[in-house]
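See structure below.
The values are calculated or read from the model by the stated rules, or taken from the named source; none is laboratory data. Just so you know, these numbers come straight off a predicted model, no measurement behind them. Don't worry about glycine lacking a Cβ; one is built from the backbone with ideal geometry, like all the others, and counts go over all protein chains shown.
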Amino acid sequence: MQVSTDTAKVKESIRGVLSLLKANHPADCMTCDVNGRCEFQDLTLRYNVDSYMAEHSLPKLRQYSHEWDSELASEAGALHDSSSAAIAIDFEKCLRCGRCVTACDTVQDMNVLGMAGRGRERHPALITEAMSLSKCISCGQCAAVCPVGAIAERSEWREVLNQLDSKRKVMVCVTAPAVRVAIGEELGTGPGSVTTGQMVAAQRALGFDYVFDVNFAADLTIMEEGTELLGRLRTAWGLEPPAAADDDSSSSSASSAGRQGHQDEAAGRGHHQGPGPLPMFTSCCPGWITTVEKSYPELIPHLSTCKSPAQMMGAVVKCYFAAKLGRQAEDICLVSIAPCTAKKYEAERAEMLREGEGQDIDYVVTTREFGRMLRERRIPLASLLEAPFDHPLGESTGAAVIFGNTGGVMEAALRTAYELAVGQPLPKLEVAAIRGLAGIKEAELTLPDDAPPGLAGRSLRVAVASGIGHARHLLQAMHSGQGPRYDFIEVMACPGGCIGGGGQPKSRDPLVLLKRMGAVYNLDERSTIRKSHQNQSVLQLYKEFLGEPNGPLAHQLLHTSYTD
Ligand code: HC1
Ligand code: SF4
């Protein structure tokens, strides 16, 4: 059979369908957040739909579409929902393609969105009365596939531009690992293009006073999470905790950075508790944290107590860096640029607030919103000269950037934990078994015979899952006793990890995730330092301010708790 998809008759038919959709689509393109990045807008231009509508009776088209939509309005319940900290719904713009439902239901296995109605009335709808009453984990996978602006991240980019314009505060920007391999794509340089230096230059051009890197805090996370993992392993293996490192830094320049006050408070609160159980789960991904809290509360003790790198960065900027500037936390406006919609929710969580203080991260804008800000301000990313991050909170290693890929947090943690425990580097820094886009991956590491007493010959079993649907499968297999017992498990809510985050550029390219993933691994390969424990600025931060990994001040500022 030969099927022709591009004949005059087919085109006319497409124009008719698009006209019906457009006849009742809100006419707010000029102010819509996806203006210029809208599949529907592109199609209406490509098929010259306005002329079709002029040739045919517009009132008739409108009447037909109105019938359609009043049915939708009465059946779908709320057409608008702004009850979520991360996701905004405006079903008036919905074209009923159903991609959001597939993302939520089939890919993420969340069932927050479903199809309601039958036949031509069939349309996406919330299963509960409001997002805030649902089990939504704010992953944004629905928003990432929406062809229009019917489901989108809660927009914050205008407020950030207002803050930049007002010049009332010291403006600090931090950027997540996966943004540097995607912001170019959002602005037309193609999937997998790396624009780190231009991205920093663009952030300076926007008016930020300091440009730091979440990658710095990813290295810091590895110091904290690696230490936590080793503590849990030693307890499970019946070994004594390692001798505490001498803290010779208390007489250094710490007081100038406000360390003493923070330390006294930390000691007073007795925050530090004993090691938790195995397997330990990573805690970087707020979508995964919400999944555990809402659906698997029995796993809460298994979550690492580490805050995400973004939130660690928030605490370091608002406590350590503010003190270095001689300013208060509230004098600083900290903007986090992330591939993730759930980070908006994470920044507002009560668990992330320090006593008597506001949010550590004031605004979270997605990669798409960042692109919008640059378009709005006419900043030509691709033609800017590369600029470096500010120091010391801009230094990072190859281990940090791979956080953006599924398996990256695990690989970075293994590079450090293995070396710190065994006293020699991993035989091969690239842990191939946990690379790639498979939804579930696993690896086993055997510690060498010349490892310290109690460790020699022991095995470490790790697993990695990305996408909540895959994570559920892994948990089911573990629950049913199938497969091995793991010691450490990384879960990222989005397929592919942060490179596939809900706030990343929308793409119909089936290879896009592979291209972004390759770009991230390339950045690691090209790094001169590829292990977090060799980040000199992180080591200096411990010496000057934090004390030792997992120590009282580190616990107070860099760790958190969870709520069921
Ligand atoms: Fe992620 Fe992470 S890797 S969670 O996706 O651990 O957002 O990129 O910033 O925090 O580092 C996101 C990315 C990011 C954190 C780090
Ligand atoms: Fe479903 Fe994630 Fe969208 Fe929430 S944010 S509705 S969980 S796809």
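Brief remarks on what is shown
- Exactly one residue out of ALA399, ALA412, ALA433, ALA382 is in contact with a Lys or Arg (Cβ under 9 Å, 6 or more places away or on another chain) and either surrounded by fewer than 22 Cβ atoms within 10 Å (Cβ to Cβ) or in the same structural domain as MET30 (by TED's automatic domain parsing) (or both): that is ALA433.
- Criterion applied to ILE499, ILE489 was being more than 23 Å from ILE337 (Cβ to Cβ) and buried (at least 21 other Cβ atoms within 10 Å of the Cβ), and the one residue passing it is ILE489.
- For the stretch 510-552, the tally of residues that are within 18 Å of GLU430 (Cα to Cα) and aromatic (Phe, Trp, Tyr) stands at 1.
- Meets criteria (within 19 Å of VAL145 (Cα to Cα) and out of contact with any Cys (no Cβ under 9 Å at 6 or more places or on another chain)) for LEU20: no
- Residue that is surrounded by the fewest Cβ atoms within 10 Å (Cβ to Cβ), among those in the stretch 323-358 that are modelled with pLDDT of 95 or more, assigned to a loop (DSSP other than H, G, I, E, B) and within 20 Å of the chain's Cα centre (by Cα): ARG349
- Restricting attention to the stretch 137-176, the residues that are in contact with a helix residue (DSSP H, G or I) (Cβ under 8 Å, 6 or more places away or on another chain) and either away from ligand 2 (no atom under 16 Å from the Cβ) or part of a loop (DSSP other than H, G, I, E, B) (or both) add up to 24.
- Number of positions in the stretch 144-195 that are away from ligand 1 (no atom under 14 Å from the Cβ) and hydrophobic (A, V, I, L, M, F, W, C): 14
Per-residue answers, yes or no, for (1) over 26 Å from GLY231 (Cβ atoms); (2) among the β-branched types (Val, Ile, Thr); (3) in a strand (DSSP E or B):
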{"residue": "GLN424", "(1), (2), (3)": "no, no, no"}
{"residue": "LEU445", "(1), (2), (3)": "no, no, yes"}
{"residue": "ASP449", "(1), (2), (3)": "no, no, no"}
{"residue": "GLY454", "(1), (2), (3)": "no, no, no"}
{"residue": "HIS473", "(1), (2), (3)": "yes, no, no"}
{"residue": "CYS494", "(1), (2), (3)": "yes, no, no"}
{"residue": "GLY502", "(1), (2), (3)": "yes, no, no"}
{"residue": "PRO505", "(1), (2), (3)": "yes, no, no"}
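- Residue check, CYS94 at pLDDT 70 or above, more than 13 Å from ligand 2 (Cβ to nearest atom), over 16 Å from GLU129 (Cα atoms) and in contact with a strand residue (DSSP E or B) (Cβ under 7 Å, 6 or more places away or on another chain): yes
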